[in-house]
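This report refers to the structure that appears directly beneath it.
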Amino acid sequence: MAVETAAYTEQTEIQRDITEMVRQFVDEQIIPNAERYDHEDSFPEPIVEQMKELGLFGVTIPEEYGGMGLDLTTYAMIVEELSRGWISISGVVNTHFIGSYLLMKFGTAEQKEYFLPKMATGEIRAAFSLSEPEVGSDVQGIKASAKKGEDGKWELNGQKMWVTNGLGSGVVFVLMKTDPKADPPYKGMTCFITEKEPWAEENSGEYEGLVIPPKIKKMGYKGVESTELVYDGYRCPPERVLGGEEAGVGQGFVQMMDALEVGRVNVAARGVGIAQRALELALRYSQERKTFGKPIAQHQAIQFKLADMATKIEAARLLTRKAARMKDAGERSDLEAGMAKLLASEIGKECVEESFRIHGGYGYSKEYEIERLYRDAPLLLIGEGTSEIQRMVIGKKLLQRHKI
Ligand SMILES: Cc1cc2nc3c(=O)[nH]c(=O)nc-3n(C[C@H](O)[C@H](O)[C@H](O)COP(=O)(O)OP(=O)(O)OC[C@H]3O[C@@H](n4cnc5c(N)ncnc54)[C@H](O)[C@@H]3O)c2cc1C
């Protein structure tokens, strides 16, 4: 007897429409121009301007603040498409998305009303800053600190590292130590919403005390800048403590770890996107290139590579969407987000390497797109927590869920 089941749909109509729109934008505007911006290591301003027009800075921001009000799952689909074009472009929106998540979840009404409309249009972009020169994985070890002055303002001091969008952003969500004696240390940390002048290396006036040294030179992930931030007597008003002073002081670590959970889904989507592009390039090249009298795609060893790549990408995509859907449904998804980030970033790198091998010597030439992907993919193994850290998160959660 036949059982009636709902038709299988991977995407809703809105999701289909929006991902098709973004895919077209990527094919027409990003892929043809990425090579130039990558070689120059210059910020892709015209592309970013078009992204503003398409509303891509406000995908998850509620409509009442001028955004699209879409969920994490749809956002992950968009990020996959953007990353298929160039992961630096998804980097321009990634920390911005995390900043808007922090505001939506923890911000006061005033903070939401002040920042979200400007963020939804892309008028200002957000950066997210935890890491320091001596601290990445072990966030509780940060040294940068904030102290409340007699005038009620907080004075921020310390050096931050690896801040994506560090120069071009207009606002940085930064984690500072506010109680050096707190035990455990995470209870003495606070997230400050620090405004700054976009693209200014030295801030002045009300933003004085924040200096941005020259951007860090990187092997890949070009175009979007990664910088240090030097807070040296930066004065932050009390209403710029995330969530307000009463609710926010001492909550910074918990707030930022919460944001990293959605950030991990976002990085997973980037892994799927870069892997998908690597597969597309491999599929094309392997049908064009001939060895031993036939296209290399007709050699079984090459077909097996293509088959493994496609299978792994589909698995990573499904896991990423599952983590996003669970979060959208209001369920705890720290385990799934960790798994998705781990699997998709590793598969991203694996697929890029396999596609590189399929390209033979040409993969090593800057004339071929895979060369850029080969330099870009490893970042995903590091950002938002390394693979080792994801395994630690997954292991810990597994034991919590299955305690005997
Ligand atoms: C291009 C780029 C952009 C970035 N953007 C941002 C940003 O916008 N904001 C921000 O705050 N940070 C950002 N980061 C920083 C990034 O989050 C850190 O680099 C990352 O968390 C790892 O920290 P680390 O580099 O200090 O490595 P470490 O923490 O020093 O780790 C070194 C190695 O040891 C391993 N390791 C560490 N602890 C353990 C353990 N307990 N068990 C097993 N292995 C362990 C790690 O997995 C890694 O392999 C960015 C980094 C890069 C490269």
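One line per residue, one yes/no per condition, for (1) on the phi > 0 side of the Ramachandran plot; (2) at pLDDT 95 or above:
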| residue | (1), (2) |
| --- | --- |
| 334 | no, no |
| 338 | no, yes |
| 346 | no, yes |
| 349 | no, yes |
| 356 | no, yes |
| 360 | yes, yes |
Q.
Checking the structure you have, find out if any residue of region 79-87 is in a loop (DSSP other than H, G, I, E, B), over 25 Å from residue 230 (Cβ atoms) and either touching a residue at least 12 places away in the same chain (Cβ under 8 Å) or away from the ligand (no atom under 16 Å from the Cβ) (or both).
A. yes
**Q.** Candidates 97, 43, 106, filtered to the one that is at pLDDT 95 or above and away from the ligand (no atom under 16 Å from the Cβ)
**A.** 106
Q) Within the set of pairs 6 or more residues apart or between chains, which connect a residue that is over 16 Å from residue 59 (Cα atoms) inside region 12-38 to a residue that is surrounded by fewer than 17 Cβ atoms within 10 Å (Cβ to Cβ) with Cβ atoms less than 7 Å apart? A) 29/50
**Q.** Members of region 3-28 found to be among the polar types (S, T, N, Q) and loosely packed, with under 10 Cβ neighbours inside 10 Å, listed by number
**A.** 5, 9
Q: Search region 163-198 for residues being basic (Lys, Arg) and within 15 Å of the ligand (Cβ to nearest atom), and hand back the single one that is nearest to the chain's Cα centre (by Cα).
A: 196
Q.
Exactly one of these conditions fails for residue 234: (1) free of Cβ contacts under 8 Å to residues at least 12 places away in the same chain; (2) of a type in the set (Phe, Trp, Tyr); (3) not in a helix (DSSP H, G or I). Give me its number.
A. (1)
Q: Just one of (1) in contact with a strand residue (DSSP E or B) (Cβ under 6 Å, 6 or more places away or on another chain); (2) of a type in the set (Ser, Thr, Tyr); (3) within 13 Å of the ligand (Cβ to nearest atom) trips up residue 145, so point out which.
A: (3)
Q) Which one of these is without any contact (Cβ under 8 Å) to a residue 60 or more places away in the chain and hydroxyl-bearing (Ser, Thr, Tyr): 207, 101? A) 207
Q. Has region 154-161 got at least one residue that is within 12 Å of residue 228 (Cα to Cα) and surrounded by 21 or more Cβ atoms within 10 Å (Cβ to Cβ)?
A. yes
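For (1) over 24 Å from residue 285 (Cβ atoms); (2) within 16 Å of the ligand (Cβ to nearest atom), each residue gets a yes or a no:
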| residue | (1), (2) |
| --- | --- |
| 342 | yes, yes |
| 347 | no, no |
| 363 | no, no |
| 376 | no, yes |
| 395 | yes, yes |
| 404 | yes, no |
**Q.** region 328-342: number of residues that are touching a residue at least 24 places away in the same chain (Cβ under 8 Å), buried (at least 22 other Cβ atoms within 10 Å of the Cβ) and either assigned to a helix (DSSP H, G or I) or among the charged types (D, E, K, R) (or both)
**A.** 6
(Q) Here is a list: 211, 230. Which entry is within 16 Å of the ligand (Cβ to nearest atom), modelled with pLDDT of 95 or more and in contact with a strand residue (DSSP E or B) (Cβ under 8 Å, 6 or more places away or on another chain)? (A) 230
Q | Residues that are within 16 Å of the ligand (Cβ to nearest atom) and either acidic (Asp, Glu) or free of Cβ contacts under 8 Å to residues at least 24 places away in the same chain (or both), drawn from region 109-134 | A | 132, 134
Q: Identify all residues within region 123-142 that are in contact with a strand residue (DSSP E or B) (Cβ under 6 Å, 6 or more places away or on another chain), in a loop (DSSP other than H, G, I, E, B), within 21 Å of residue 182 (Cα to Cα) and not hydrophobic (A, V, I, L, M, F, W, C); write none if there are none.
A: 131
Q: Consider residue 194 carefully, then state whether it is part of a strand (DSSP E or B), among the β-branched types (Val, Ile, Thr) and either without any contact (Cβ under 8 Å) to a residue 40 or more places away in the chain or farther than 13 Å from residue 210 by Cα (or both).
A: no
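The values are calculated or read from the model by the stated rules, or taken from the named source; none is laboratory data. Treat the numbers as computed from the prediction; the structure is a model and nothing was measured. A quick note on method: Cβ atoms are made from the backbone with ideal geometry, for glycine too, and the neighbour counts reach across all protein chains shown.
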